[in-house]
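Peer 1: After the structure tokens below, expect a handful of questions from me.
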Amino acid sequence: MPSTVAIAGITRKFSQCIIRAIQESPDVLIRGYCRSPHKLPRAILDSDQIEIIGGSFDDRAHIRRFVRGSDVVICCYFGQPEVMTEGQKYLIDACEEENVPRYIPSDFAVDYTKIPHGVLFPKESAKVIMEYLKSRKVKGAHILTGGLMETFWSEFFGIWNPKMCSMSVWGSGEEVWELTTYQTAAAYTAAVALDKSAIGVFRYIRPFRRLGVLLWDKWRIFSVGLIRKPHREDVIPTPDGGFLDSDSDDSLRVCLEEYTSTWLAMVGKTL
Ligand SMILES: NC(=O)c1ccc[n+]([C@@H]2O[C@H](COP(=O)([O-])OP(=O)(O)OC[C@H]3O[C@@H](n4cnc5c(N)ncnc54)[C@H](OP(=O)(O)O)[C@@H]3O)[C@@H](O)[C@H]2O)c1
């Protein structure tokens with residue numbers, strides 16, 4: 001009998017990657033839930049394998065219809081605390097009512113179980129949902145991927161400054177950062193979703209991760225081609241104790257597209 005995977009918040013990047021990964025398995029039906037089906041690509045709206053149900057995050061009747069008959073519900077919401085906590089509770093309650101056995105919360109994050117309460121507010125909702133699931137008969141499968149590389153390097157994250165070719169980090173600069181890509185994290189999520197026995201907390205995604213350690217210092221970043229020359233008024237210390245000359249020609253700096261391509265090439269992907 002075909003499995004049915006229900007995905008809430010199906011309109012955007014991560015869920016689209018999950019769909020691509022799930023579609024590699026035969027006999028899987030996908031049901032999607034979102035507030036704005038018109039945003040979906042034609043290929044999804046026209047697919048025989050995918051059914052879309054429209055409704056808001058707090059529309060209990062539509063949510064119940066959305067989860068009904070599915071083997072697992074994956075939440076890909078990424079929004080206000082109300083959506084991440086109340087919105088996920090509505091989904092979990094609907095799973096209880098409709099006897100859906102497993103729920104994959106909208107985690108896909110660093111290991112927040114090691115972060116004390118109140119320290120990292122974006123992960124508070126994830127902690128609330130982990131606790132909420134413990135008291136329910138629907139079983140949680142929490143996927144802790146580490147950071148997603150595409151977001152990590154984005155302006156939104158505020159760590160990497162492409163204009164200055166610099167990073168703002170706290171620590172010695174040699175710490176290991178757990179990073180993976182959207183597509184790799186999604187492939188892992190699809191594998192967990194399709195494995196009916198997969199419940200609990202999943203941290204060890206190494207077989208799916210191509211690059212887990214960030215190349216930190218400027219010399220190593222320079223060596224793999226992520227910067228060609230030091231930026232004006234900037235220096236790159238070399239391993240022999242010297243410095244690379246700074247360059248006043250901005251055109252020699254790597255453009256964002258080339259920079260992203262290089263990183264993706266290191267994890268076996270293309271832009
Ligand atoms: N570890 C990391 O570094 C990292 C980085 C990025 C994302 N993530 C995780 O990946 C998952 C999804 O990320 P994404 O990048 O695909 O997120 P996204 O592009 O922001 O998409 C979020 C989804 O949530 C829906 N949504 C937001 N507010 C809503 C509301 N008020 N009512 C109904 N739906 C709402 C959006 O629907 P609309 O299209 O209608 O707005 C969309 O489908 C999340 O679990 C996020 O935490 C992890």
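The values are calculated or read from the model by the stated rules, or taken from the named source; none is laboratory data. Since the structure is predicted, the reported quantities are computational estimates derived from the model, not experimental observations. We place every Cβ from the backbone using ideal geometry, glycine too, and count neighbours over all the protein chains shown.
Peer 1: Do we find that Ile53 is assigned to a strand (DSSP E or B), within 12 Å of the ligand (Cβ to nearest atom) and of a type in the set (Val, Ile, Thr) in this structure?
Peer 2: Numbers: assigned to a strand (DSSP E or B): yes; within 12 Å of the ligand (Cβ to nearest atom): no; of a type in the set (Val, Ile, Thr): yes.
Answer is no for this residue.
Peer 1: Is it true that some residue in the range 34-42 is surrounded by 14 or more Cβ atoms within 10 Å (Cβ to Cβ), away from the ligand (no atom under 16 Å from the Cβ), under 18 Å from Ala94 (Cβ atoms) and under 22 Å from the mean Cα position of the chain (by Cα)?
Peer 2: There is no residue in the range 34-42 that is surrounded by 14 or more Cβ atoms within 10 Å (Cβ to Cβ), away from the ligand (no atom under 16 Å from the Cβ), under 18 Å from Ala94 (Cβ atoms) and under 22 Å from the mean Cα position of the chain (by Cα).
Peer 1: Any residue at all in the range 96-119 that's at positive phi and among the aromatic types (Phe, Trp, Tyr)? If you could, list the steps in order and put the result at the bottom.
Peer 2: First, the residues of the range 96-119 that are at positive phi: 99, 108, 118.
Keeping just the survivors that are among the aromatic types (Phe, Trp, Tyr) gives 108.
There is at least one residue in the range 96-119 that is at positive phi and among the aromatic types (Phe, Trp, Tyr).
Peer 1: Taking only pairs six or more apart or across chains, which ones have beta-carbon atoms under 9 Å, a first residue in the range 26-41 that is within 9 Å of Ile53 (Cα to Cα), and a second residue that is of a type in the set (Ser, Thr, Tyr) and crowded, with 21+ Cβ neighbours inside 10 Å?
Peer 2: Partner pairs satisfying both residue conditions: Arg31/Ser70; Gly32/Ser15; Cys34/Ser15.
Peer 1: If I filter the range 19-27 for residues that are out of contact with any helix residue (DSSP H, G or I) (no Cβ under 9 Å at 6 or more places or on another chain), modelled with pLDDT of 95 or more and either more than 14 Å from the ligand (Cβ to nearest atom) or of a type outside the set (Asp, Glu) (or both), do I get at least one hit?
Peer 2: Among the residues of the range 19-27, not one is out of contact with any helix residue (DSSP H, G or I) (no Cβ under 9 Å at 6 or more places or on another chain), modelled with pLDDT of 95 or more and either more than 14 Å from the ligand (Cβ to nearest atom) or of a type outside the set (Asp, Glu) (or both), which makes the answer no.
Peer 1: I've got another one for you. It is to be established whether one or more residues within the range 167-174 are away from the ligand (no atom under 12 Å from the Cβ), closer than 17 Å to Val72 by Cβ and among the hydroxyl-bearing types (Ser, Thr, Tyr).
Peer 2: Within the range 167-174, the subset away from the ligand (no atom under 12 Å from the Cβ) is 167-174.
This time we only want the ones that are closer than 17 Å to Val72 by Cβ, so: none.
There is no residue in the range 167-174 that is away from the ligand (no atom under 12 Å from the Cβ), closer than 17 Å to Val72 by Cβ and among the hydroxyl-bearing types (Ser, Thr, Tyr).
Peer 1: Of the conditions (1) near the ligand (Cβ under 10 Å from one of its atoms); (2) of a type outside the set (Asp, Glu); (3) under 30 Å from Asp93 (Cβ atoms), Phe157 satisfies every one except a single condition; which number is it?
Peer 2: Failing condition for Phe157: (3).
Residue-wise test of (1) within 10 Å of the ligand (Cβ to nearest atom); (2) of a type in the set (Phe, Trp, Tyr); (3) more than 20 Å from Arg65 (Cβ to Cβ).
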residue: Met84; (1), (2), (3): yes, no, yes
residue: Lys89; (1), (2), (3): no, no, no
residue: Cys95; (1), (2), (3): no, no, no
residue: Glu98; (1), (2), (3): no, no, no
residue: Pro105; (1), (2), (3): yes, no, yes
residue: Phe108; (1), (2), (3): yes, yes, yes
residue: Ile115; (1), (2), (3): no, no, yes
residue: Leu120; (1), (2), (3): no, no, yes
residue: Val128; (1), (2), (3): no, no, yes
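Peer 1: Those residues that are more than 10 Å from the ligand (Cβ to nearest atom) and in contact with a strand residue (DSSP E or B) (Cβ under 9 Å, 6 or more places away or on another chain), I need them from the range 69-82; list them, please. Walk me through how you get there before you give the answer.
Peer 2: Applying the first criterion (more than 10 Å from the ligand (Cβ to nearest atom)) to the range 69-82 yields 69-73, 81.
Gly69, Ser70, Asp71, Val72, Val73 - these are the residues of the range 69-82 that are more than 10 Å from the ligand (Cβ to nearest atom) and in contact with a strand residue (DSSP E or B) (Cβ under 9 Å, 6 or more places away or on another chain).
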